Every structure is written in structure tokens, then in C-alpha cells.
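Below: one structure in C-alpha cells.
The values are calculated or read from the model by the stated rules, or taken from the named source; none is laboratory data. Computed from a predicted structure; not experimentally measured. Methodologically, a virtual Cβ is constructed for each residue, glycine included, from the backbone with ideal geometry; neighbour enumeration extends over all protein chains shown.
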Ligand SMILES: Cc1cc2nc3c(=O)[nH]c(=O)nc-3n(C[C@H](O)[C@H](O)[C@H](O)COP(=O)(O)OP(=O)(O)OC[C@H]3O[C@@H](n4cnc5c(N)ncnc54)[C@H](O)[C@@H]3O)c2cc1C
Ligand SMILES: Nc1ncnc2c1ncn2[C@@H]1O[C@H](COP(=O)(O)O)[C@@H](O)[C@H]1O
């Protein structure tokens, strides 16, 4: 039997979230694959509730790390709480959700433990008796099969949605309180506050139809026909990150992991490649129509209808067809 | 302030990708390589801080010989000089091995602040900057969209992006490593004068042996990850293609909008 599989489960206000359950589902699946057991770890201030949620899952154990200095996330606090625990338990793999919080401290935890680091895994499979992981490369245009080499544990962060949360197996697990020595530890960051990133407040979540533009638009001065299309459809205009970063549209219209999460009846993706950070914000849409000049763009993997072509030709033609329809 | 900025050269977002003969990576022949997107923001931020504090920017790049072009670009934008690590023994590393090498080169220069991009668009580890911080024993922050240097230059107030459109602000002691996210500033373009001046700027080549690190901890040899193969992703559902000239496509789309999506009134 190889070392255990651990799931470090992210919580919010003492409750598990979908990302946390996904991590447990993945740990259970990996433990089955490798013929070992899975353990969940949850840390924070006031996380007894999350601990009891985990106690109802098929796990060999639940470790709850409570400390007043773990209330607000800091890399110093999380490192000091997790490193000794993982070092002592010597698991084979430690799984995390690939959230902004995890990404911030995971590399440093790996260093501290002299562990391997495998960011953004999409899944695993056994090939010739050896475990292979899949992760996206080149903006999701390709998937790489990766194996881990060398000694010691490997810390793996799992892309959102890679392991469905509803696959968690119920059971009953013993809960253990673990003390963390955090007094006097350098938290490495003094958190001052949290505020909204956008100045305005466009609520895209209520829109039935959204026209999303990506870098393929090629410049702010070329937005005219797309705005016209938005008017004709009674839609809201949305954008991918580079469009906002370039200042072509305001931040409040950004869709994706750092922007809004939308689920309209129709999402028209124009010149958007379909990177995961954009997809997580719109893949719940009813119908997705993608226009992209590159047939291998990842957006087509989630699109209902795909048009391989130049948006500067397709959009004016669509505007004309809509106007004709309206006219009679 | 003396500021290090780490830059990587990556395939252009628009590049047509073909898988290499051995299946383990893309065919680089015919691909255009550019400065990693968020690194352009890191460079701009570094230049602005250096301009405000009367300091200088040093570019650090680890990559094959072709990446010298990216280094020149950063010099043309205004960096004072550059350190380039191109020895094959240093290449092919994961974030831990690459960060280790870059940190050793940075340590030798003695800087006050390190800026990196938030993620590379090819390997996308989103980790190299944090690794550099860990090696140097400095604090770090990932996904930085705002930097405000304290009067005494002993700390920075950093704004970090969070999920779902929120930002967190925090104070971090200097020296530190900040991993810059897109949109933090508007990167400048290189001027002709800058491009000419870059030709005279120093690019110092640093070899693996200069780093004082066990070679088994560097590059491919020091990496805990090994890419076996790359492939096109398999999708759950098949997209239905709509073909024809623009007018035909438009007509077909209107039908879909009307009859299936039912979004036309
Ligand atoms: C931590 C983090 C958070 C992020 N958060 C977000 C987020 O919230 N939202 C977000 O969108 N991204 C986010 N990103 C960025 C994301 O990774 C991608 O870089 C981004 O989504 C790409 O935007 P794009 O598709 O517009 O641009 P590109 O990837 O450059 O794609 C442009 C596309 O346009 C096509 N094209 C070009 N010209 C034409 C034409 N004339 N007609 C038709 N098609 C054309 C090209 O073929 C290409 O597919 C984040 C990244 C990180 C690291
Ligand atoms: N080979 C490299 N040379 C210089 N900087 C790098 C290199 N690899 C990564 N970086 C820096 O680290 C950031 C994050 O890269 P990554 O961890 O690969 O996503 C990049 O935006 C660069 O600033």
C-alpha cells in the first residue's frame, strides 16, 4: 500500500463549498485507484461545521485545524499550519482545489516540504501501471500528460469542475482536532480589507442574451458592429479579460474567474479562444454560439454552434439579417 | 530601488500549434514567440517604480537562445541590463527548478523588489514567482493588480485579485516578490530610440555552474514533473458547425436564435 491521499479542503465561513467537495471526491477516487485511503484536512477559525460535514464522508480520517490566526487567509499562517501536519503524515499526494487562495501559497508549501508541485490537474489515469495526470497547457489548446518523479509527496491542485462534487461517497470518518503552533509565526501579509474590483455595477447575471467579445476584436475602435448586434438582440455586452486589460471595455463587463459568472439563454462568443478562466464564467449558458477564425480554439469544445470565420465579416452580416427580419 | 523583473518567452496566442514528432511538446519551427502577456505588465510596473524611485530595472530570463529576443525587447522598453540563463542544463524545469535557478541569479544581484507575471501562457504553473520568493525567504503576493510603495520604502500596499470580482488589499514587507496580473497598468511601446539604446545594453549570460546549486536540482533533472505527451483535448460534446459565406452563416444563425434559443421577439 502506498502513502495516503490527503485532501486539503477549502472552506468559507466554516462551511464546505463545491470546490471543497470536489477535492474530497478526487481524493476518494485516487485512493481507490492506488489501493490506499483518503484523509481530509480543513483549517480556519470556526470550522467545526466543515469538520462535521466531512465526518459524513467515506474517509479514513478528518483533521480539523482551528486557530484564531487562521481566520483571514495568509500564506504565513497556512504554511505554518499545514507543513508540520503533512510532514508528519507523509501522504503520497495532497490534493487542493486550484483556487486563487491555493495558488498563492501552494508553491511555498511545496518548497517547505521539498515536495513536488503539480498545478491545475484535470484528471488522472493509470497507464502501464503508472499514474499519469492531465493538465492544460498553452491556454487549454493542448492537454499534457504528466508523470511525477522523485521522492516525497506531491501537492496537486485540481481545476474547478475536473472532479464532480456529487461523486463524493458518503460514510463516516473519525474527526481529530489538530493543534497548530501559530503564536509568533510571521503571517507574511497584513490583510487590510476587501473591496469590489470594478467601479461600476453592471449586473450581467440577469441578461438573457450576452454578446461576449475577446481579443479577436482587434481594438476598441472596432467594437461598433458588435455594439450594434448587442442592440439588435437586446443583449448585454461582455468581454474576456484581455479586452478589459487593454482598456477597450470596463472591468464591470468581464466574464470569468475574476469577473462575473453568467448563465444566459444565449452566449455569443466572438473572437474568444476559450481559456478555462473565461469558460468558468459562462459555461452554464443555455446555448453557446462561437465565432472564431481558428477551428481548434478551445471555445468550440463547449459551443453548441461553431462558426469558423472572421468576426468582422460574420457580425455585420448577422446585423443585416436581423435588421431584415425586424423590417418584415 | 533596484528591481528585478522576470520575463519568459512563450508562443504567440495566435500561433498555430502542431505537435512535435516525439509527441512530448509542440513543434517550435514556424511558431512566433513573444513576451509572456502578464510579463509585459510586470515590466511596465517595474519601470514605473524605478522611475519614481530613481532606481533601475534588471531583466531576468531563463530560456533557450531564441528567448534572447524577449530580453532585448525588455531592454528596449527601458530595463538597464539583463541576466540570461540559456544553458540546456537549466531548461525544461518545472516551477520549482526554474524558480530555484532564477532566485540564485537574482540573489547574486542583490535587488530590493522582484516582479514577475502572474502566469505563463505556455506552462501556466502560476508558481514560479512564489518559488523565487521562497528561495529568497521573502514574502510574496500572487495576482497583484495594485502596488503602492510606502514612504519609507520598507513595505508595499498590495491589491490582489480575488475570485468573483473582489480585490483584497494588504501590506507586505520589502524585499518581496510580486506576481503581477494583467490590467494593472497600460504597458508602453518600445520607442525607436529605446530599440537603438538596447543594442548597447549588457546581457549577462549566467551558466548553471555559476549558480552554486547542485545540478541535480536544476532544469529537467531537478524537476518533479515530466511531460510524457501532449494532445488535443477531447470534448464531451460535439459542436455543430455552421458553414458557408457570411450571409449564409448569418441566415442560419438567425434561425437558431429564433427557433431554438427563442431569443428573438
Ligand atoms: C488568474 C487568472 C485569472 C483570469 N481571469 C480571467 C477572467 O476572469 N476572464 C477572462 O476572460 N480571462 C481571464 N484570464 C485570462 C485567460 O487565461 C485568457 O488569457 C483569456 O481569457 C483570453 O482571452 P481571449 O480569448 O479574448 O484572447 P485570446 O486567447 O488571445 O484569443 C483570441 C481569439 O480570437 C480569435 N480571433 C482573432 N481574430 C479573429 C477574427 N478576426 N475573427 C474571429 N476570431 C478571431 C483567435 O483565433 C483567438 O482564438 C485569467 C487568467 C489568469 C491567469
Ligand atoms: N523561464 C523563465 N524565465 C524568466 N521568468 C520566468 C520563467 N518562467 C516563469 N517566469 C516568471 O514567472 C511567471 C509565472 O510563470 P509560471 O509559473 O510558469 O506560470 C512568469 O510570468 C514569469 O514572470
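Within 16 Å of ligand 1 (Cβ to nearest atom), within 9 Å of another protein chain (Cβ to nearest Cβ), within 19 Å of residue A:106 (Cα to Cα) and touching a strand residue (DSSP E or B) at 6+ places or on another chain (Cβ under 9 Å) - does that describe any residue in the range B:96-103?
Checked the range B:96-103: no residue is within 16 Å of ligand 1 (Cβ to nearest atom), within 9 Å of another protein chain (Cβ to nearest Cβ), within 19 Å of residue A:106 (Cα to Cα) and touching a strand residue (DSSP E or B) at 6+ places or on another chain (Cβ under 9 Å).
Looking at the structure I just gave you, is residue A:147 closer than 16 Å to residue A:26 by Cα, at the interface with another protein chain (Cβ under 8 Å from one of its Cβ atoms), surrounded by fewer than 20 Cβ atoms within 10 Å (Cβ to Cβ) and at pLDDT 95 or above?
Criteria not met by residue A:147.
What's the total number of residues in the range A:87-125 that are over 20 Å from residue A:22 (Cα atoms) and touching a residue at least 40 places away in the same chain (Cβ under 8 Å)?
Count: 6.
Can you tell me which residue is farthest from ligand 2 (Cβ to nearest atom) among those in the range B:18-54 that are touching a helix residue (DSSP H, G or I) at 6+ places or on another chain (Cβ under 9 Å) and assigned to a loop (DSSP other than H, G, I, E, B)?
Ranking the qualifying residues of the range B:18-54, first place goes to B:28.
OK, next. For the range A:279-308: of the residues being more than 19 Å from the chain's Cα centre (by Cα) and more than 8 Å from chain B (Cβ to nearest Cβ), which is nearest to residue B:237 (Cα to Cα)?
A:288
So, of the residues in the range A:212-239 that are in contact with a strand residue (DSSP E or B) (Cβ under 7 Å, 6 or more places away or on another chain) and within 11 Å of chain B (Cβ to nearest Cβ), which turns out to be farthest from ligand 1 (Cβ to nearest atom)?
A:234
In the range A:265-278, is there at least one residue being farther than 11 Å from residue A:212 by Cα, surrounded by fewer than 21 Cβ atoms within 10 Å (Cβ to Cβ) and facing another protein chain (nearest Cβ under 9 Å)?
The answer is yes, given that some residue of the range A:265-278 is farther than 11 Å from residue A:212 by Cα, surrounded by fewer than 21 Cβ atoms within 10 Å (Cβ to Cβ) and facing another protein chain (nearest Cβ under 9 Å).
Further question on the same structure: Kindly provide the set of residues from the range A:110-144 that are crowded, with 22+ Cβ neighbours inside 10 Å and more than 9 Å from chain B (Cβ to nearest Cβ), ordered by number.
Selection gives A:121, A:124.
Report yes if some residue within the range B:179-198 is in a loop (DSSP other than H, G, I, E, B), at the interface with chain A (Cβ under 8 Å from one of its Cβ atoms), surrounded by 17 or more Cβ atoms within 10 Å (Cβ to Cβ) and more than 24 Å from the chain's Cα centre (by Cα); otherwise report no.
No, because not a single residue in the range B:179-198 is in a loop (DSSP other than H, G, I, E, B), at the interface with chain A (Cβ under 8 Å from one of its Cβ atoms), surrounded by 17 or more Cβ atoms within 10 Å (Cβ to Cβ) and more than 24 Å from the chain's Cα centre (by Cα).
Then there is this: Does the range B:58-71 contain at least one residue that is in a loop (DSSP other than H, G, I, E, B) and either under 29 Å from residue B:31 (Cα atoms) or free of Cβ contacts under 8 Å to residues at least 40 places away in the same chain (or both)?
Among the residues of the range B:58-71, at least one is in a loop (DSSP other than H, G, I, E, B) and either under 29 Å from residue B:31 (Cα atoms) or free of Cβ contacts under 8 Å to residues at least 40 places away in the same chain (or both), which makes the answer yes.
When you check residue A:173 against the structure, is it in a strand (DSSP E or B), more than 11 Å from chain B (Cβ to nearest Cβ), touching a helix residue (DSSP H, G or I) at 6+ places or on another chain (Cβ under 8 Å) and modelled with pLDDT of 95 or more, yes or no? Quick ask: steps written out before the conclusion?
On the way: in a strand (DSSP E or B): no; more than 11 Å from chain B (Cβ to nearest Cβ): yes; touching a helix residue (DSSP H, G or I) at 6+ places or on another chain (Cβ under 8 Å): yes; modelled with pLDDT of 95 or more: yes.
Considered against the rule, which asks whether it is in a strand (DSSP E or B), more than 11 Å from chain B (Cβ to nearest Cβ), touching a helix residue (DSSP H, G or I) at 6+ places or on another chain (Cβ under 8 Å) and modelled with pLDDT of 95 or more, residue A:173 comes out as no.
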